[in-house]
1. Identify, by number, the condition in (1) in contact with a strand residue (DSSP E or B) (Cβ under 7 Å, 6 or more places away or on another chain); (2) at pLDDT 90 or above; (3) assigned to a helix (DSSP H, G or I); (4) not aliphatic (A, V, I, L, M) that His36 doesn't meet.
2. Only one of these is in contact (Cβ under 8 Å) with a residue 12 or more places away in the chain and closer than 26 Å to Tyr132 by Cα: Ile46, Ile101, Ile115, Ile109. Name it.
3. Return the residue satisfying two criteria in turn: it lies in the stretch 53-99 and is of a type in the set (Phe, Trp, Tyr) and closer than 27 Å to Val120 by Cα, and of such residues it is farthest from the chain's Cα centre (by Cα).
4. Could you give me the residue pairs with C-beta distances under 9 Å whose first residue belongs to the stretch 132-154 and is at negative phi and free of Cβ contacts under 8 Å to residues at least 12 places away in the same chain, whose second residue is β-branched (Val, Ile, Thr) and surrounded by 10 or more Cβ atoms within 10 Å (Cβ to Cβ) wherever it lies, and which are 6+ apart or on separate chains?
5. Just to verify a result, which residue in the stretch 103-116, among those that are modelled with pLDDT under 85 and not in a helix (DSSP H, G or I), is farthest from Ala180 (Cα to Cα)?
6. In the stretch 117-165, which residues are hydrophobic (A, V, I, L, M, F, W, C) and modelled with pLDDT of 80 or more?
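The values are calculated or read from the model by the stated rules, or taken from the named source; none is laboratory data. Everything numeric in this text was worked out from a predicted model, so none of it was measured. All Cβ positions, glycine included, derive from the backbone under ideal geometry; neighbour counts span all protein chains shown.
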Amino acid sequence: MENLAFTETPSEGLQSEQDSDLYWYAIYVRSRHESHVFERLSRANIDAFLPTVERLSRWKDRKKMVSFPLFPSYLFVHINKSHDNILTVLKTNGVVRFLGISPREPEPIPEAQIISLKRVTESKELLDPYPYLKEGQRVRIKSGPLAGVEGLLVEKTGQHSLVISVDILQQGVSLKIDAAEVEVV
């Protein structure tokens, strides 16, 4: 299990309007640039949130707890949806794009989701990251003796199962799995 933490900039940002006009947005950043982008946004007085997880890293000569982004390549920014604020974020070195339905329209994240994420990370409880999976998705086992096996994800009485079907026989088998062991195909 991993311990989660988060980093957040001060609430003073570019926004001059009231807090009710502020929304959380997810931004996609260059791989392994999360901390650098977070620092640059902080220097630009943009309210940002970088949830991190602490993991024990091992080298040949030592072990050390190191913070890693909980969601690699993603950060959250709390801005109003003005053209200037969006442009300032996009011009930040390392930022690739805002997430949304269309490239030109950033999708706001419900405040409740960010608040919940912050509360969980502040609690210092031991938490495990959990993949976002939906029942019926086609998934593949990532590691272990069954690595590469593909099937459909099914949830029954709180347990996840991988269903492997043989179409020509119109039969299948199911295997209980931990959702953290699979990835979407």
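1. All conditions pass for His36, except number (1).
2. On the way: Ile46 fails: closer than 26 Å to Tyr132 by Cα; Ile101 fails: in contact (Cβ under 8 Å) with a residue 12 or more places away in the chain; Ile115 fails: in contact (Cβ under 8 Å) with a residue 12 or more places away in the chain.
Among Ile46, Ile101, Ile115, Ile109, only Ile109 is in contact (Cβ under 8 Å) with a residue 12 or more places away in the chain and closer than 26 Å to Tyr132 by Cα.
3. So the first thing to find is which residues in the stretch 53-99 are of a type in the set (Phe, Trp, Tyr), and the list is 59, 68, 71, 74, 76, 98.
Filter again for closer than 27 Å to Val120 by Cα, leaving 68, 71, 74, 76, 98.
Numbers: Phe68: 12, Phe71: 3, Tyr74: 6, Phe76: 10, Phe98: 14 Å.
If we take residues in the stretch 53-99 being of a type in the set (Phe, Trp, Tyr) and closer than 27 Å to Val120 by Cα, then Phe98 is farthest from the chain's Cα centre (by Cα).
4. If the second residue must be β-branched (Val, Ile, Thr) and surrounded by 10 or more Cβ atoms within 10 Å (Cβ to Cβ), the pairs left are Tyr132/Val184; Ala147/Ile141.
5. First, pick out the residues of the stretch 103-116 that are modelled with pLDDT under 85: 103-104, 116.
Those still in the list that are not in a helix (DSSP H, G or I) too: 103-104.
On the way: Pro103: 30, Arg104: 33 Å.
The qualifying residue farthest from Ala180 (Cα to Cα) is Arg104.
6. Here is the first cut: in the stretch 117-165, the ones hydrophobic (A, V, I, L, M, F, W, C) are 117, 120, 126-127, 133, 139, 141, 146-147, 149, 152-154, 162-164.
Those that are hydrophobic (A, V, I, L, M, F, W, C) and modelled with pLDDT of 80 or more: Leu117, Val139, Ile141, Leu146, Ala147, Val149, Leu152, Leu153, Val154, Leu162, Val163.
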